[in-house]
1. How many nm is it between the label spots at B:Ala313 and C:Lys201, if each spot is 7 Å from the Cα in line with the beta carbon?
2. Using Cα pairs under 8 angstrom and six or more residues apart, how large is the relative contact order of region B:1-158, in percent?
3. Between C:Ala63 and C:Glu263, what FRET efficiency follows from the Cβ-Cβ distance if R0 is 25 Å, with the result rounded to 0.05?
4. Average projected area of the Cα convex hull of the protein assembly as shown, in nm²?
5. Is there a quick way to get the dipole size of region B:2-83? I mean about its Cα centre, with the Cβ of Lys and Arg at +1 and of Asp and Glu at -1; what is the value in debye to the nearest 20?
6. Working out 0.36 nm times the residue gap between A:Glu346 and A:Lys101, then minus their Cα-Cα distance, what length gain in nm do you get to one decimal?
7. How far, in degrees from 0 to 90, does helix B:138-151 lean away from the longest principal axis of the Cα atoms of chain B, to the nearest 10?
8. Tell me which aspartates and glutamates have Cα within less than 19 Å of C:Lys147's Cα, excluding those fewer than 8 residues away on the same chain?
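Just so it is clear, none of the values below were taken in a lab; they were calculated from the coordinates. In this text the structure is predicted, and so the values were computed from the model without any measurement. Don't worry about glycine lacking a Cβ; one is built from the backbone with ideal geometry, like all the others, and counts go over all protein chains shown.
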Amino acid sequence: MTTLTKTEDAPAPTDPDAFLSVRDLRVHFSTEDGLVKAVDGLSFDLERGQTLGIVGESGSGKSVTNLSILGLHNPQSSTITGEILLDGQDLTDASDKELEKLRGNKMAMIFQDALTALSPYYTVGRQIAEPYMKHTGASKKEARARAIEMLGKVGIPDPKNRVDDYPHQFSGGMRQRAMIAMSLVCNPELLIADEPTTALDVTVQAQILDLLKDLQQEFGSAIILITHDLGVVANVADDLLVMYAGRAVERGSVREVLKRPEHPYTWGLLGSMPRLASDVSEPLRPIPGSPPSLLNPPAGCAFNPRCDYVDLVGGGRCTSERPLLPAGRGSACHLEAERKQQVFIEKIQPRLG
Amino acid sequence: MLQFLIRRTFGAILTLFLISAVTFFMFFAIPQDPALLACGKNCTPDALAVIHQNLGLDKPVPVQFWNFLVGIFAGRDFAVGHCSAPCFGVSFSNQQNVWDTIVDRFPLTLSLSVGGLIVFLIVGLGAGLIAAKNKGTAIDKVFSSASLVLTSMQIYFLGPVVLGLFVYSTGWLDKPSWVPIGESVSGWFMGLLIPWLVMSVIFTANYTRMSRSTMIEQLQEEHVRAARAKGMSSRYVFFRYAWRGSLIPIVTILGMDLGALFGGAMVTEITFGLPGIGRLARDSVIDKDLPLTMGVMIVSAAFILLFNLIVDAMYAVIDPRVRLS
Amino acid sequence: MSIFGTRRTRAAVIALAAGSLVLTACGGSNDSGSKDNSKTQEDAAKQSAAVTYGDAKASTGPAAEVPGAKPGGTISVLQEDDFSHLDPGQTYVSDGKILDRLIQRGLTQYQEDDEGKQTLVGDLATDSGKQTDGGKTWTFTLKDGLKDQNGSAITSADIRHTIERMYAPFITDGPTYIQQWLSGSGTTYRKALPDGPYKGKHLPDSVLATPDEKTVVFKFKEPQPDLPQALAMPGYSVVPEKTDTKEKYDTAPVATGPYKIAEFKPGKSLKLVKNTNWDPKTDSVRHQYVDGFNIGFNHSDDDQTKTLLADRGEAKNSIMFTGQVATNQVRNVVEDPEAMKRTIQGYAPYVWQLNFNLDRMTDKKVRDAITYALPSAQIYKLDGGAYGGETATGLMSPTTPGYDKTYDPFGKLKKPNGDVEKAKQLIKEAGAEGKKVVYAYANTPVRQQQSVVIADRLKAIGLEVVKKEIDQATWYEQVGKVDNGLDLYMTGWGQDWPSASTVFPPLYDGTQLQDGSSVYSHINDEKVNKEIARILKITDPAEAQKAWGALHRDIVERINPAAPIYYTKVFQIFGSNVGGLRYSADSSYVDVTRLYLKK
């Protein structure tokens, strides 16, 4: 290999206001086939009351990142290095007990599909009440009252009766609301929402997103919103992180990234998305090729096999040297800044309309 | 639920009727005259006719079947006396009242089956849980290979081996015997300990493997992860969320294994010389003792159906989706 | 003639197969076969001595004390199967007979000494019977002080009732000798009293008379010298008229012997306790040392042997009735000198023979060739080895009076593994090379294993063998058909009492040949038939015994209807605390009338 020795991202200075600060996070799984680097050197910050959107294809490391924040990986098959600072406390070396105290309490998670994420064997009420009892020491009765209150808050009609229903007796949208109620029951300061609306139809999707926004305003929580839907991000998030093959490839405010995307992968994501304003005759352009194997990622820039602009970079650097992501607004690409601008304006923007 | 019970009870009665009819007519399809066994070496047609009459075999088969059915509900009269309902007739070979014989023998078979069931559920499911919890470790591998070895065991092989080791040569354990639980609880327990253990072995292995694999599957379920994500302890999640889910396939298999359980109890009885239904079944078939065969078949089938009903009810207890739909 | 009971088929397999239900460890029997110290011909001589008829003195109780015997304790009995019958009238098989010795009494019984010599004495009767009219009339007088378990006196009317109820339709499994002698052969005797004594009808005084309360007179058309022995069969034990409950008697019989039934759980257990109405002064044979017997069923031979060999706890007080040392355990027992002290051995009365269907196997040279060729030692090795069998040289059992141990026309003793050369030569002389023979055997493990040895040997001498396996349950029915389509089949037959009269007529009297008869070889030789009829009328036992011996030689040498293979033997083990162990030639198993517990 002819790569340069320096392959690490620039260590971004820690944001003093950050509620959650992830530094050089690496999550590696050892499997029978070899070492899978699911997340490989990720850093980001999130302040209270802010929402960070993380986008990327499946397998890009979004979900793994969030599960490792919650400490839900099996320590026997995975190695986690780096720092995850939640309100100053490093979660990577927290004990199971400490993590249990934080989970569902200070930090909570909303899963993608409430149908599978809620146990079919217990009532919705019980599942909401469980963490409340555990974290606040509330009695059964108090916890039940709290569950009814939460169900009401997320917009379940007649919560007093529905509290004793089982998940399969709820509709899809209601299940998702119940799930949100379950996550929010202890007023978490960090909420991780993993594709919270993917399984829902569009109208319900909008309602759920509004609900999240309202709740954030009420509790001032920080939210990480994982999605592959840029439309959702545009509506809800403040900042945006684009992930590819276990790394962040572009970072910036939602506005910046969506208006002036810099990374060819982000261009591809945008191009593969339908827009209301676009010409109907203009076909959607999916990104050619498929996500790389995390067992054996391509040398240099992981995106190079799918990138249309490798030729614009001299010296074959795309296949030999991994580009770095600068701190703050920026992207991990060897293209020079002017080139990026030029290509975006000339080739990409017209297509996006 | 009530409707379900009524429907199932009707189904069970119909099943029992079909089983008795098939058994009865199959018995006569066998080209062997039960009277010949009672007639022996120097059998003349005259002697045979006498025995036919004594056994009631001189009437047409459907009439015999009808009398049999009537007897169950209304009782019948035999040379040895009145046989009150439920009357399954009197044995061809020793003139004993079949129902009384079965009532006398059944507690043993029931003790064996239920005891064996409890043993293999506790041991099998427990081992499976431990293996699943320690997936990939040495414990898991030991348990998995042990269950493989045990699966290939047979009661009639393992029984004598265990007897030889723990009873005949060391005297550590009591020789299997039948003491009714009403007479002595400890005698009952010690007498059945070896049969329970040996009998449970063939099932244990299966349930270990199944419990392990369903548990591993369940531990990867999203709702298990979600429960962890809301801060529930790993032990709580393991038992309340994952285990509960893994019970469903186990109960399903258990329902299918009930017949085998009964059969296993019978083989165990014969292996250890215990006077239960199994021995009765074997003897009745060898002796071509129709009333006894019928009685054993019907009562065993009734119990298997009853157990099945219990298993179905357990489904509903475990899974609200079954209960409420 | 015997009608076999329902369980008899199975019990017979057990008895005939001599502990062969478990037959895995061939190694054990192999060794014991070559250097065994099992008792052999010496004992047979005693067992085959003619039975003497005892007088009133020999019949008067109490019985001589067993040296060292003491009272008390309860003996546990390990049995495989439940008794198929408890009604004496339905009892025929060995297990029933042993139980009968404990709880029932008949007119006569056998008294044995330590040498195995049998004397027939009066049991309920004052002596073994008085014959007049050349053996056509027999008179028995009852002893004083006879009572059943309820305390009721036993009278001559009870004896008459006992005989007459054997005619009732519900009695199907018991012996038929006396009924046939009194009222006609086959099943015709039943017409003499179709309902038994239950509808007020009785046999006329010209047949069975009871002139007073103590006297019974049997009157036959022909001389019946064996009557006292027939009366000793368990089937003719007394059923007191007042206590008879017909079919129900089979589960709750009334005892007349030293023990009575305290509790009976069919298929599980039978408990015997002392019968206080049994008076030892009236019985010259039985004792009442132990307080009772607890008989538990469902113990296989294997289990019985292991339990008794281990001799732990209750096993010390335990015995076998009809169980035998399991084939695979023989070696363990034989190699343990302490355990051997607790065993008994003796001959069972069965002779296993390979029948020739004389309708099809017409050439005597071929029959002789097969007889020479059969490897007896290899065949009985599969049935318990030297403790389970012994090479048979003729068709008469060592237990049958008249048996001659030097008689060996086919040189089987010198060549117990068969004489193939001689056989080949005979086959050649007969021009029977490649002759097809249909050889049938029962589908039990022992017979299947033996069939391999037999078929191999038949092939080795140049015959073409067609093997045919038959279900054990119908074995005797199938080979008992006159037109059975078979050439060779092995059967075992045992005497009902120590006399050739219970062996030769049923097996070799051609006049009885019909479907279901036991003339398996289909022999129908005028000279033999006449001779059988003649000997049956001889009233002097010694003369009869001599005549049977001569007839035996004639049948074997002149006709050879069946190749003798092996005699069966019995080998039993007991708990170390059981005293008075002795083999009984009468029951072919342990003598249960004299057992006691040492501690």
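1. Label-label distance for B:Ala313 and C:Lys201, simple model: 5.9 nm.
2. That works out to 8 percent.
3. The pair C:Ala63/C:Glu263 has a calculated efficiency of 0.35.
4. Here the figure is 65.5 nm², rounded to one decimal.
5. The calculation lands at about 380 debye.
6. In short, 83.0 nm is gained.
7. In chain B, helix B:138-151 runs at an angle near 10 degrees to the longest axis.
8. Those aspartates and glutamates meeting the cut-off are C:Asp87, C:Asp100, C:Asp123, C:Asp127, C:Asp158, C:Asp212, C:Glu213, C:Glu241, C:Asp244, C:Asp279, C:Asp283.
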